[in-house]
Amino acid sequence: MIFELPKLPYGFSELEPHYDSATVEIHYSKHHATYAANLNKAVEAAGWQGKSITEILTSLEEAPQQQKAALRNHGGGYHNHCLFWESLCPKSTGINGKLAEAINAKWGKFESFAEAFTAKALGHFGSGWAWLVKNKSNELEIVDIHDQVSPISLGFKPITVIDVWEHAYYLKYKNVRADWIKAWWNIVDWKKAEERFIN
Ligand code: MN
C-alpha cells in the first residue's frame with residue numbers, strides 16, 4: 001500500500017482568518033507530504049507493504065528493529081495529520097448529541113472542558129499534540145502526546161486534536177501558542193468528533 005495525502009475537505013484559504021492559508025498549504029503540502037514519503041520508505045524497508053496504517057501503528061513492537069523508530073515517527077506523523085485535517089472545518093458547527101452529553105457528564109459543562117483542553121495544549125512542553133480521546137475504559141480523556149507518537153499506538157481512540165508543533169502555527173501566531181489554540185476553537189468540526197465518538 002502506498003500512503004498518499006488525503007484530499008483536504010476544504011481549500012487552503014477556507015480556514016481563514018483563524019488558520020491562515022500559507023500555513024495550511026505548507027503544513028499540508030510540505031510537512032504532511034514529507035511524513036507520507038518517509039512512511040512509504042520505512043514501510044518498504046520493513047517489508048510491511050500491505051499493512052494498513054492502523055495495523056502499523058498498533059504493531060510497532062513487532063517491527064524490524066532498524067525500522068521501528070521510522071515507522072513510529074513517520075507513521076504517526078502521517079496519520080496524526082490525516083486526523084488533524086479531518087478534525088477541522090471552515091466554520092465550527094457547535095457541539096451537541098452524545099459527545100456533548102459525555103463531555104458534560106465528565107467536565108460538568110462544555111466551558112470547563114474547553115478550559116481543561118486549552119490548558120493541556122498550552123502546557124505541552126515542546127513538539128506534540130493535545131487530543132480528546134476515548135481511553136481503554138471507554139471514557140473521555142484529554143491527553144498530550146509528544147512528537148509524532150500516535151494515540152492509537154497507546155490504546156486511545158482519537159476524537160479531536162490540535163497540533164501544537166511550532167510548524168503548525170508559527171507563520172501567523174509566532175511564538176504565541178495561546179493565540180493559535182484560541183483560534184483553533186473556531187474551526188473544530190464537532191460533527192466529525194461526534195462521528196468518531198459514537199463509532
Ligand atoms: Mn503538524
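The values are calculated or read from the model by the stated rules, or taken from the named source; none is laboratory data. All of these numbers come straight from a predicted model, not from anything done at the bench. For neighbour counting, all protein chains shown are included, and Cβ atoms are generated from backbone atoms with ideal geometry for every residue, glycine included. All accessible areas refer to the heavy atoms of the entire protein, side chains included, with ligands and DNA or RNA removed. Shrake-Rupley method; radii C 1.70, N 1.55, O 1.52, S 1.80 Å.
For SER13 and LYS191, compute 0.36 nm times the residue count separating them, minus their Cα-Cα distance, and round to one decimal in nm.
62.0 nm
Any chance you could run the full-extension gain for GLU4 through LYS157? It's 0.36 nm times the residue separation minus the Cα-Cα distance, nm to one decimal.
Between GLU4 and LYS157, full extension yields 52.9 nm more.
By how many nm would the segment from GLN65 to SER21 lengthen if fully extended, with 0.36 nm per residue of separation less the alpha-carbon distance?
Here the answer is 11.9 nm.
Take the Cα gyration tensor of the chain, multiply each eigenvalue by 5, square-root it, and list the three semi-axes largest first, rounded to whole angstrom.
Semi-axes, largest first: 27, 21, 15 Å.
Of the cross-linked pairs LYS68/LYS134; LYS134/LYS172; LYS109/LYS182; LYS7/LYS51; LYS120/LYS174; LYS134/LYS191, which ones have a Cα-Cα span greater than 23 Å in the structure shown?
Those over the limit are LYS68/LYS134; LYS134/LYS172.
So, R0 is 22 Å and r is the distance between the beta-carbons of GLU115 and VAL176; what FRET efficiency does that work out to, to 0.05?
Calculated transfer efficiency: 0.75.
Students sometimes get this wrong: rank LYS136, LYS174 by accessible area, probe 1.4 Å, all chains present, largest first.
Result of the area sort, largest leading: LYS136, LYS174.
Can you give me the relative contact order of the stretch 59-182 as a percent, contacts being Cα pairs under 8 Å and 6 or more apart?
For the stretch 59-182, the relative contact order is 25 percent.
Taking the solvent-accessible surface of protein heavy atoms with a 1.4 Å probe, what is the per residue accessible area of the stretch 21-86 in Å²?
For the stretch 21-86, the per-residue accessible area is 45 Å².
Compute, for the chain, the length of the dipole vector about the Cα centre, with Cβ point charges of +1 (Lys, Arg) and -1 (Asp, Glu) only. Units Debye, rounded to 20.
The dipole of the chain has a size of about 140 debye.
Ignoring ligands, DNA and RNA, please state the percent of accessible area on the chain from carbon and sulfur, probe 1.4 Å.
51 percent
Any idea what angle helix 33-46 forms with the longest principal axis of the chain, computed on alpha-carbon atoms, 0 to 90 degrees, nearest 10?
It is inclined by approximately 40 degrees.
With only Lys, Arg, Asp and Glu charged, each at its Cβ (+1 for the first two, -1 for the last two), find how big the charge dipole of the stretch 1-51 is about the Cα centre; round to the nearest 20 debye.
With Lys and Arg at +1 and Asp and Glu at -1, about 300 debye.
Please identify the chymotrypsin sites (Phe, Trp or Tyr not before Pro) of the stretch 104-199 that satisfy two criteria: DSSP loop assignment and at most 12 other Cβ atoms within 10 Å. Which are they?
PHE125
Where Lys and Arg each count +1 and Asp and Glu each count -1, what net charge lies around ASN80 among other residues with Cβ under 13 Å from its Cβ?
Taking every Cβ under 13 Å from that of ASN80, the sum is -3.
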